[in-house]
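Read through the structure below, which is laid out as structure tokens, and then see the notes.
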Amino acid sequence: MAVKQETLYIKGDKNIEVTKPEVTLGDILSMECSNQNVIPRLKTIKVMKMQEKEGQRKVISILKIIKLIHEIYPNMDVQNLGETDIIVTYEEQKSTGMISHLIKTGFTAVLTFTGAAFAIMTFNNDVSVRKLFSQIYQLMTGIKPHGSTILELSYSIGLTIGILLFFNHFGKKRFSVDPTPLEVQMRTYENEIQTTLVENASRKGKELDADTSNSNGSNRS
């Protein structure tokens, strides 16, 4: 009589952060199987052991994960619905004090505000916005302005509204469900970093693949 083959569906993200050095399948994968009894056992399978220092990163191939699963369940049909290479980052959990958090937030806000203000003022000086507004005001009214006019006030208000609409949020308030330009750039930057990490690990032979022995400990817990 033929043995019924069970199907296991696994899904892993491109980048996983863990807070303990011993990494198991349950730390890096989401799993689903019709036989729910196998899930707890699969989650305890040890994948690797990180060195206990900050900034540890490892790249593991999905083939290595399938091999570990087959060592325990040889007849399991494993279907991968996620990434083919997973970056595992070990970061020791640290608790930051509220005062330190507020200082960092305040410093970042001041730095960003100062940089943006400097860029805007430099642009205005380069194109002589004040002189241009003066000429427009005199052309439209026939009166030579002395000091600021309604044009400068409108420009300042319009610039503020334009910045808020472009960045799509004010504080925690969003104006639409679309991601902000900053979020888009950050995700693009993260994707480029992840692609580079995977390619570097593959070229240097540091990727944990199906034919790579696990020298950091047993594959089984």
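Just so it is clear, none of the values below were taken in a lab; they were calculated from the coordinates. Fair warning: this is a prediction, and the values are worked out from it, not measured in the lab. Glycine also receives a Cβ, built like all others from the backbone with ideal geometry; neighbour counts cover every protein chain displayed.
Would you mind calculating the gained length between residue 184 and residue 169 on full extension (0.36 nm times residue separation, minus the Cα-Cα distance), in nm to one decimal? All intermediate terms of the calculation are to be shown ahead of the outcome.
Working: separation 15, 0.36 × 15 = 5.40 nm, distance 1.38 nm.
Gain in length upon complete extension: 4.0 nm.
For residue 131, the lysines whose Cα falls under 30 Å of its own Cα, not counting residues fewer than eight places away in the same chain, are 144. Shown is the FRET efficiency for residue 13 and residue 150, computed with R0 = 41 Å from the Cβ-Cβ distance and rounded to the nearest 0.05: 0.20. Helix 62-72 and the longest principal axis of the C-alpha atoms of the chain enclose an angle of approximately 30°. The simple spin-label model puts a point 7 Å past each Cα toward its Cβ; for residue 193 and residue 112 those points are separated by 1.7 nm. Work out the charge dipole of the chain with +1 on the Cβ of Lys and Arg and -1 on the Cβ of Asp and Glu about the Cα centre, then indicate which of 210, 196, 37 is farthest towards its positive end. Checked the options; the winner is 196. Could you tell me how many degrees, from 0 to 90 and to the nearest 10, lie between the Cα long axis of helix 129-141 and the main elongation axis, the longest principal axis, of the Cα atoms of the chain? Helix 129-141 sits roughly 50 degrees off the main axis of the chain.
Its Cα gyration tensor gives the range 89-179 an equivalent ellipsoid; the semi-axes, largest first and in whole Å, are 41, 16, 11.
Determine the dipole magnitude for the range 23-133: charges of +1 sit on the beta-carbon of Lys and Arg, -1 on that of Asp and Glu, nothing else is charged, the reference point is the Cα centre, and the result goes in debye to the nearest 20. Write down the numbers at each step before the final one.
Numbers: 13 positive and 11 negative charges, 62 e Å.
Here the range 23-133 has a charge dipole of around 300 debye.
Of the GluC sites (Glu not before Pro) found in the range 18-114, those that fall in a DSSP loop while having at most 10 other beta-carbon atoms within 10 Å are 52, 54.
Enter the angle in degrees (range 0 to 90, nearest 10) between the Cα long axis of helix 150-167 and the first principal axis of the Cα atoms of the chain, meaning the one along which they spread out most. Here the helix axis deviates by roughly 0 degrees. Taking a straight Cα-Cα cut-off under 16 Å and skipping sequence neighbours fewer than 8 places away in the same chain, the lysines within cross-link reach of residue 67 are 11, 43, 46. Note on the range 1-145: the C-alpha convex hull projects to 17.5 nm² when averaged across all orientations.
In the chain, the sites counted are trypsin sites (Lys or Arg not before Pro) in DSSP loop states with at most 15 other Cβ atoms within 10 Å, and the longest stretch holding none of them, exclusive of the sites, is 95-171.
Per-residue ellipticity at 222 nm computed for the chain from its helices equals -15500 deg cm²/dmol, with DSSP H segments shorter than 4 residues left out and the rest contributing -39,500 (n - 2.57).
On the beta carbon distance between residue 135 and residue 157, with R0 = 25 Å, the FRET formula returns roughly 0.75.
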